[in-house]
1. With +1 on the Cβ of every Lys and Arg and -1 on the Cβ of every Asp and Glu, and nothing else charged, how large is the dipole of the chain about its Cα centre, in debye rounded to the nearest 20?
2. For A27 and E292, compute 0.36 nm times the residue count separating them, minus their Cα-Cα distance, and round to one decimal in nm.
3. Can you list residues from other chains, or at least 5 along the same chain, whose modelled amide H is less than 5 Å from the amide H of I69?
4. State the answer as a single residue: which of G110, G234, L53 lies farthest towards the positive end of the charge dipole of the chain, with beta carbon charges of +1 for Lys and Arg and -1 for Asp and Glu, about the Cα centre.
5. Using modelled backbone amide H atoms (1.01 Å from N, in-plane), which distant-in-sequence or interchain residues come within less than 5 Å of T154's amide H?
6. I need to check one value: relative contact order of segment 132-265, counting alpha carbon pairs closer than 8 Å and at least 6 residues apart, in percent.
7. Which translational diffusion coefficient, to the nearest whole µm²/s, is obtained for segment 132-265 from the Stokes-Einstein equation, given a Kirkwood hydrodynamic radius over C-alpha pairs, 20 °C and 1.002 mPa s?
8. Using the Karplus curve 6.51 cos²θ - 1.76 cosθ + 1.60 with θ = phi - 60°, what ³J(HN,Hα) values do you get for each residue of segment 89-105, in whole Hz, with x for Gly and Pro?
Amino acid sequence: MRAFTYVMAALALLVGAQTARAQDAVAQFYKGKQIKVYIASTPGGGYDSYGRLVGQYIGKYIPGNPTVIPENMAGAGGNRLAAYLYAVAPKDGTEFGIIFPGAVLDPLIGTQQVQDDPSKLIYMGSANVETFLCILRADAPVKTYEDVFKTPITLAASAAGGSTVDMPALENNLLGTKWNVVKGYPGSREISLAVEQGEAQGNCGVGVSSIEVEHPDWQTSGQFKVLVQETNRGHPLLNSLHIPLAYSFAKTDEQREVMELAYSQEVFGRPFVMPPGVPQDRVAALRKAFMEALKDKDLLADAKKQRLDIDPLSGEDVQALVTKVYSFPKDIVAKAKDALVYKAR
């Protein structure tokens, strides 16, 4: 028994020494370096705020304490950045980025030709679990979600593959709504301005956290109204305000399955990703640093000031979810892919 105890103690010391050596190697690699965190949106929107917030704090939790520099790389609903990280970025852990959750699903059920395979990207984690919704100008000619089955409403949106196109397309094709989507706005800030200036009557597929950043007075100003939640669960605040779920308007089990697949991107929330091929010790260090940064009291205080919801998922959990999504039955995948094709009316 005593010999067994000695063996176990020796093994524990060996494992501890190996872990310490790995941490030392990671610290030696990162010391004095600059890391870039790319953001798949234009400056000023919700994704930009999350990317810059994480970039501000994560460096102190990465061994070697490198300098972290944020840089915007908007385009193609997040697919431009996903393609860059997949094929171009150095695979040494010196570059990572925050992409749109739609870019994670696009090769599976999206409408764009993409140059990456999100199932092979390495996920650092997600900053929150998102809830998409439709927000309209108060003077839009509808009062309830049911009214959109009769009255066309013009929405501002980004590119195909982004949630601002995918969500209204899904509802038009499955449920029979009459959303008229105007694509081409480069980011959430530009979409928001288009709605404010009357170029569009609203936008859908926008996250609650983005609304909190861009329209902090959305509940009190009287300028906007939330028409529907595009989710199968609902956000606690919006549920308490009796904002309906688009999911509840599905009429068949098949429609509900298709919507569940499309909505799975919400669980990714704000996904931070690395290129494939980053050494495993650096992956582990960056994942750990990501979760520690999102528990930092100063980060949480800054997030509160900026009205950013912090509800992190670990890199391992996000990676497992991506693997699960990419194993959905082929017939449901095919139907979801067809349902997300926006057809101009």
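1. Details: 35 positive and 37 negative charges, 115 e Å.
Rounded to the nearest 20 debye, it is 560 debye.
2. Values: separation 265, 0.36 × 265 = 95.40 nm, distance 1.63 nm.
In short, 93.8 nm is gained.
3. Under 5 Å from the amide H of I69 lie the amide H atoms of I35, K36, V37, each far enough along the sequence or on another chain.
4. Farthest along the dipole direction, towards plus: L53.
5. The answer is N180, Q201.
6. Value for segment 132-265: 32 percent.
7. Details: Rh = 14.7 Å.
Estimated via Stokes-Einstein, D reaches 146 µm²/s.
8. Going residue by residue, I get 4, x, 9, 10, x, 9, 9, 8, x, 10, 10, 6, x, x, 5, 6, 8 Hz, with x marking Gly and Pro.
Read-outs: derived from the displayed coordinates by stated rules, not from any lab. Remember, it's a predicted structure, so these values are computed and weren't measured experimentally. Using ideal geometry, Cβ is built from the backbone for each residue, glycine included, and neighbour counts are taken over all protein chains shown.
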